[in-house]
Amino acid sequence: MARNLRDIRRKMKAIRSAHQVTKAMELVAASKMRRAVANAQKLRHYAFTAWQILSKLAKVQPELHPYLQEREPRRILAILFTPDRGLCGNLNAQLFRTVSQYLKGLSGLQTFENIDFITVGKKGQQFLLRLNQKIIAAFPGFSGYPTFKDVLPITRMATDGFLGGTYDHVSLIFPDFISAIAQEATVKVLLPFSRTGLKDMLLTILARKYRKETEAFLDQIDVKEYIFEPSQDEILKTILPQLTEIQVFQAVLELAASEHSARMVAMRNASDNASDILDDLTLTYNQTRQAGITAELAELSATAAALN
């Protein structure tokens, strides 16, 4: 009996320690989530509107810049955004599932030849290595407080490869923050901004939030011509790279918001489970202890009756 009580107390101590850790991680994630979500929501409307403008421009006047010209999806560069760590629910599993669907969709394109990856976050790098995919560059995850300067090396590698003809398409794979309890993996074509067969394929695996808006937008472009002031070359040379960088920065912000919110919910669930297990162990401990006391009292009573 004493041994059973000792084992139960040991388990209760371990559960209390685990509960303290998960509760602390929940509070830290909640604190980081508030700032990350605020940053993502501030830039989201601007980033999506910028993407719409560039898509319209590519539809109306694709000859103005290489970013706007339509290309066949032969050589593709994908930038995968994942956390550095786990303990964030099924966020990583969603991203990995989307990557698998993306690769399967690419294999169905007649013009597809090969794909290279740039990874942001250790989890994505480890996953792609298991799939024997080619990784040309790996960056740490920006789970803290990312800045616009952090994404410039990533954007430069992507744009240089696209303009140099190494890649015909550049895609972003990142978690889209919906709410504290919902994040959806999203794939978006970064370059070119024109509608291609790859974009049509991606409409089947886009997050629900973007699918409806994207389909409606691409089917209702009524702009006939754009007028540039002061000059066409000067505006496009300045604006197009900046808006491309904004798309990458928005993906980083969505990653940070999704990671912290997913981790907060996961740690909250772990804390609740630890509390439930601790309650069950406490009840078992009290029952076992009471049974031991009752047995000892019964033995004393029986001994006293035998002596009398």
Quiz item: For labels at Ser275 and Gln287 in the simple 7 Å Cα→Cβ model, what's the distance in nm?
Solution: 2.2
Practice problem: Report the local net charge at Gln126: Lys and Arg +1, Asp and Glu -1, summed over other residues whose C-beta lies under 13 Å from its C-beta. | Solution: +3
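Of Tyr46, Tyr102, how do they rank once you tally other Cβ atoms within 10 Å and put the fewest first? Each step should come with its number before you reach the end.
Values: Tyr46 12, Tyr102 22.
Lowest to highest Cβ neighbour count: Tyr46, Tyr102.
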Exercise. Multiply the residue gap between Leu5 and Leu300 by 0.36 nm, knock off their C-alpha separation, and tell me the result in nm, one decimal place.
Key: 104.1 nm
Quiz item: What is the diffusion coefficient of segment 47-200 in µm²/s, taking the Kirkwood radius over Cα pairs and the Stokes-Einstein relation at 25 °C with a viscosity of 0.890 mPa s?
Solution: 151
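Determine, from the Cβ-Cβ distance of Ile181 and Thr49 and an R0 of 22 Å, the FRET efficiency 1/(1 + (r/R0)^6), rounded to the nearest 0.05. If you can, show how the numbers build up before the last one.
On the way: r = 27 Å, r/R0 = 1.22.
The pair Ile181/Thr49 has a calculated efficiency of 0.25.
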Quiz item: Which pairs, out of Lys32/Lys104; Lys122/Lys188; Lys42/Lys149; Lys123/Lys149; Lys32/Lys149, put more than 29 Å between their alpha-carbon atoms?
Solution: Lys32/Lys104
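Report, in cubic angstrom per residue, the convex hull volume of the C-alpha atoms of segment 1-64. Intermediate values should be presented prior to the final figure.
Numbers: hull volume 7.7 nm³, N = 64.
In segment 1-64, the Cα hull volume divided by residue count equals 120 Å³.
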Practice problem: Would you kindly calculate the mean projected area, averaged across all directions, of the convex hull enclosing the Cα atoms of segment 88-154, in square nanometres? | Solution: 5.5
Practice problem: Provide the gained length on full extension for the span Glu70 to Ala18, in nm with one decimal, where the gain is 0.36 nm per separating residue minus the Cα-Cα distance. | Solution: 13.3 nm
Quiz item: Simple spin-label model, 7 Å along Cα-to-Cβ: Asp160 to Leu307 in nm?
Solution: 9.3
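So if we plug the beta-carbon distance of Asn114 and Leu87 into 1/(1 + (r/R0)^6) with R0 = 41 Å, what FRET efficiency do we get, rounded to 0.05? Before the final figure, lay out each step's value.
Working: r = 34 Å, r/R0 = 0.83.
Plugging the Cβ-Cβ distance into 1/(1 + (r/R0)^6) gives 0.75.
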Quiz prompt | Per-residue Cβ neighbour rank within 10 angstrom, fewest leading, Glu296, Glu254 | solution = Glu296, Glu254
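Sorting Val189, Val120 on the 10 Å Cβ count, fewest up front, what's the list? It would help to have the intermediate numbers written out before the result.
Numbers: Val189 22, Val120 29.
Ascending Cβ contact count within 10 Å gives the list Val189, Val120.
Every number in this text was worked out from the coordinates using simple rules, so none of it is lab data. In this text, all values refer to a predicted model and were calculated from it rather than measured experimentally. Methodologically, a virtual Cβ is constructed for each residue, glycine included, from the backbone with ideal geometry; neighbour enumeration extends over all protein chains shown.
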